[in-house]
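Here is the structure we will look at.
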Amino acid sequence: DVAAAVDHWKASGLDLTPILVEPETPWEQDRFAAMGQDHGLDKALDNELIRLAKPALERQERVEVDLEIKNLNRTVGTMLGHEISKRYGSLGLPDDTIVANLTGSAGQSFGAFLPKGVTLRLEGDANDYVGKGLSGGRLVLRPSDDRHPDFVPEENIIAGNVILYGATGGQVFIRGVVGERFCVRNSGALAVVEGIGDHGCEYMTGGRVVVLGQTGRNFGAGMSGGIAYVYDPHNTFDPLVNLDMVTLEALEEDDIEFLRETVRAHHRETDSMLAARILDRWRTNSRHFRKVMPKDYRRVLDAAALAEEQGRDVDEAIMASAHG
């Protein structure tokens, strides 16, 4: 609607005809939403998952299923998660109430918005946006057991870009390397991976990330919360970190214990040989982890610790530190 601007001095000499002309089209398209869209949800793999998971959905009985997956199967687990959230809200179900063992190549957004109580184990590979908005579920990605004997998982791509975008909770264990922008805006999930591309942990606000291999450049850009640990035995990580909002800190005893338990969990979930090698010489290898700590998060933690030591209100101290 340009009527209100017709007499404005800025409109003098302005010809809007090129953008207001009604184009001719041989496809008889409408210029506005005149009919509902068919997204093909009736063909989604989740319909089968929901059917098989009926005992878990209705009576919280444990269910484990085996299915094949193809890259045309997108957002696998999302509709199932919706059914859980409708019935049980944000609490979801007990861990591993529903376990789906999948083989093949997953399409985009595998495990998106997956709530607590669902574990999706994928033997194969996946496209972009794995675990987008993950909300408490567990995802495990590993290469096929019948892979070529010369195939080295920690040297090969298993999933795409922007994994765990906006995740709020849950766990992801990935045996292999992934693409760029890993854990962008992660605010609560735990993730273990064996190598990533550029812009790792970009704008991350919470959660924990463990990278057992190389990273790309610009790691930690805009990272204001959470903690990342990078295994760096060859001392190549420092120049790849964006130090505008993070610092590199020495590991504390709590960090070492956390890392040991997390790497053990990664080995248990994925049978990772890389994790096994790190654990075999843990006393030596644990020294090669670098800790990436956001400056804002460190300030809040220090303020909370000081307030507790002095007997002051911790919440007030945190709010004061957050405002500088």
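Among the residues of the stretch 280-304, those identified as over 25 Å from the mean Cα position of the chain (by Cα), surrounded by 14 or more Cβ atoms within 10 Å (Cβ to Cβ) and within 21 Å of Ser224 (Cβ to Cβ) are Arg299, Ala303, Ala304. Ala307 passes every criterion in (1) in contact with a helix residue (DSSP H, G or I) (Cβ under 8 Å, 6 or more places away or on another chain); (2) of a type in the set (Gly, Ala, Ser); (3) at positive phi apart from (3).
Selection of helices (runs of 4 or more DSSP H) fully inside the stretch 243-324 by the criterion of at least 1 residues being over 25 Å from Leu141 (Cβ atoms) returns 253-270, 282-285, 295-310, 314-322.
Exactly one residue among Val193, Val184, Val230, Val152 is under 14 Å from the mean Cα position of the chain (by Cα), within 15 Å of Leu274 (Cβ to Cβ) and of a type in the set (Val, Ile, Thr), and that residue is Val193.
Inclusion of Met273 among residues that are touching a residue at least 40 places away in the same chain (Cβ under 8 Å), under 25 Å from Arg175 (Cα atoms) and open to solvent by 60 Å² or more (accessible area, probe 1.4 Å) is warranted. Within the stretch 9-21, being modelled with pLDDT under 80 and either among the polar types (S, T, N, Q) or loosely packed, with under 10 Cβ neighbours inside 10 Å (or both) holds for Trp9, Lys10, Ser12, Gly13. Of the residues making up the stretch 191-249, just one is farther than 27 Å from Pro153 by Cβ and of a type in the set (Phe, Trp, Tyr), namely Tyr203.
Any residue that is over 24 Å from Val184 (Cβ atoms), out of contact with any strand residue (DSSP E or B) (no Cβ under 7 Å at 6 or more places or on another chain) and modelled with pLDDT of 95 or more - is there at least one of those in the stretch 113-128? Checked against the condition, which is being over 24 Å from Val184 (Cβ atoms), out of contact with any strand residue (DSSP E or B) (no Cβ under 7 Å at 6 or more places or on another chain) and modelled with pLDDT of 95 or more, the stretch 113-128 yields no hits at all.
The values are calculated or read from the model by the stated rules, or taken from the named source; none is laboratory data. If you're wondering where the values come from, they're calculated on a predicted model, not measured in any experiment. Here the Cβ is made from the backbone with ideal geometry for all residues, glycine too, and neighbour counts use every protein chain on show. Note: accessible area is taken over every heavy atom of the protein model, side chains too, but ligands, DNA and RNA are not part of it. Shrake-Rupley method; radii C 1.70, N 1.55, O 1.52, S 1.80 Å.
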